[in-house]
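Chemist: Dropping a structure here in structure tokens format, bear with me for questions.
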Amino acid sequence: MKPNVLILRAPGTNCDMETAFAFEKAGASSEKIHINRLLEDPAILDRFQILCFPGGFSFGDDIAAGRVLANQVRHRLAEPMARFRENQKLILGICNGFQILVKSGILLADEPEGPPATLTWNNSGIYTDRWADLVVQGNKCVFLKGIEKMYLPVAHAEGKFVARSEAILDRLEKNGQLALRYAEGSNPNGAVRNVAGVCDESGLVLGLMPHPERHIDYTQHPRWTRMKKSGDEGDGFAIFKNAVEFFR
């Protein structure tokens, strides 16, 4: 089976083409669709097996990173999103997409006291653009299956993962949901427990701050000319291959 991927766009999204290319290279079909189309006809979602919120600056991050699109999803697409998840389909959020998944409640359901976690300003208080070493924790997440470590670029100003309490962090860690971490000394934003990516309880929904779509070919590595060639694939490509293989 060749899964269909919906790459959801909004004003300010700027990583949709790279993300679509990564999924297509991995063997999927992809379609870039503007949020307005989905709001007009939510049944569009039923045609797809994978939903991806790509990176960028949806709606210019005018209120907070990802907040406007997250509110549109939360208040106008709650039912089709719930149906999508109930049908055991996959959802991926990259950078701004991670922010959207967290703030819409798709990734971590709201609790009576409010959202259990959020993504806030980097400790530096400024936009950060660099590469980071990453390690995978556990085997819950479908997207991270068989991956132990990665080297991926990060590019964000509000990428610091924080939770409302240590008890919430303990619960998420026990459940294997703190699935991707920055390696020691590689945390670019001050995220608690070095969290770079989080999955839901099913392992079918993943949000991560690093950009796997920017390292799908080994020549995208910043030091590729000084390294021994170890294959044509970059570290991030495995995430897209895992998503495609899930439906085969």
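Chemist: Roughly how much of THR120 is accessible, in Å² to the nearest 10, using a 1.4 Å probe?
Modeler: 50 Å²
Chemist: While we're on this one: Please give the net charge around CYS15, taking every other residue with its beta carbon less than 13 angstrom from that of CYS15, where Lys and Arg add +1 and Asp and Glu add -1.
Modeler: Value of the local net charge: 0.
Chemist: How are the Cα pair distances of the chain distributed, in percent, across 10 Å bins from 0?
Modeler: In order of increasing distance, the bins hold 8, 34, 39, 16, 2, 0 percent.
Chemist: Which percent of the accessible area of the chain is formed by carbon and sulfur heavy atoms (probe 1.4 angstrom)? Don't jump to the answer; show the numbers that get you there.
Modeler: Numbers: 5180 of 10910 Å².
Result for the chain: 47 percent of the exposed heavy-atom area is carbon or sulfur.
Chemist: Tell me the volume per residue, in Å³, of the convex hull enclosing the alpha carbons of segment 127-230.
Modeler: Once divided by residue count, the hull of segment 127-230 is 106 Å³.
Chemist: Under 18 Å from the Cα of LYS140, which lysines turn up, not counting those fewer than eight places away in the same chain?
Modeler: List returned: LYS89, LYS149, LYS174, LYS241.
Chemist: A further question on this structure: Tell me the net charge near ASN187. Cut-off is 12 Å between Cβ atoms, ASN187 excluded, with +1 for each Lys or Arg and -1 for each Asp or Glu.
Modeler: Net local charge, ASN187 excluded: +2.
Chemist: Write down the accessible area per residue of segment 32-124 in Å², having rolled a 1.4 Å probe over the full set of protein chains. Could you put the intermediate results ahead of the total?
Modeler: On the way: 3890 Å² over 93 residues.
On a per-residue basis, segment 32-124 sits at 42 Å².
Chemist: Right, another one. Mind checking the per residue accessible area of segment 188-248 for me, 1.4 Å probe, whole number of Å²?
Modeler: Roughly 43 Å² per residue, with all protein chains present.
Chemist: Then there is this: Given the Cα atoms of segment 189-237, and with Rh set as the inverse mean 1/r over their pairs in the Kirkwood sense, what is Rg to Rh to two decimals? Don't jump to the answer; show the numbers that get you there.
Modeler: On the way: Rg = 14.1 Å, Rh = 12.8 Å.
The Rg/Rh ratio comes out at 1.10.
Chemist: Count charges around MET1 for me, please; just the other residues with Cβ under 13 Å from its Cβ, Lys/Arg as +1, Asp/Glu as -1.
Modeler: With Lys, Arg at +1 and Asp, Glu at -1, the neighbours total +2.
Chemist: With every protein chain present, what accessible area does TYR151 have (1.4 Å probe, heavy atoms only), rounded to the nearest 10 Å²?
Modeler: Accessible area, nearest 10 Å²: 40 Å².
Chemist: Tell me the chymotrypsin sites (Phe, Trp or Tyr not before Pro) within segment 20-70 that lie in a loop according to DSSP and have at most 16 other beta-carbon atoms within 10 Å.
Modeler: Of the chymotrypsin sites (Phe, Trp or Tyr not before Pro), not one in the loops of segment 20-70 has a Cβ with at most 16 other Cβ atoms within 10 Å.
Chemist: I'd like to know how segment 1-81 sits against the 2.2 N^0.38 Å rule of thumb: what's its Cα Rg over that expected value?
Modeler: For segment 1-81, the normalised Cα radius of gyration is 1.08.
Chemist: Based solely on C-alpha atoms, express the radius of gyration and the Dmax of segment 99-188 in angstrom.
Modeler: Computed over the Cα atoms of segment 99-188, radius of gyration and Dmax are 13.7, 37 Å.
The values are calculated or read from the model by the stated rules, or taken from the named source; none is laboratory data. As the structure is a computational prediction, the values presented were derived from the model and not from experiment. Cβ: placed from backbone, ideal geometry, glycine included. Neighbour counts: every protein chain shown. Heavy atoms of the whole protein, side chains included, go into the accessibility calculation; ligands, DNA and RNA do not. Shrake-Rupley method; radii C 1.70, N 1.55, O 1.52, S 1.80 Å.
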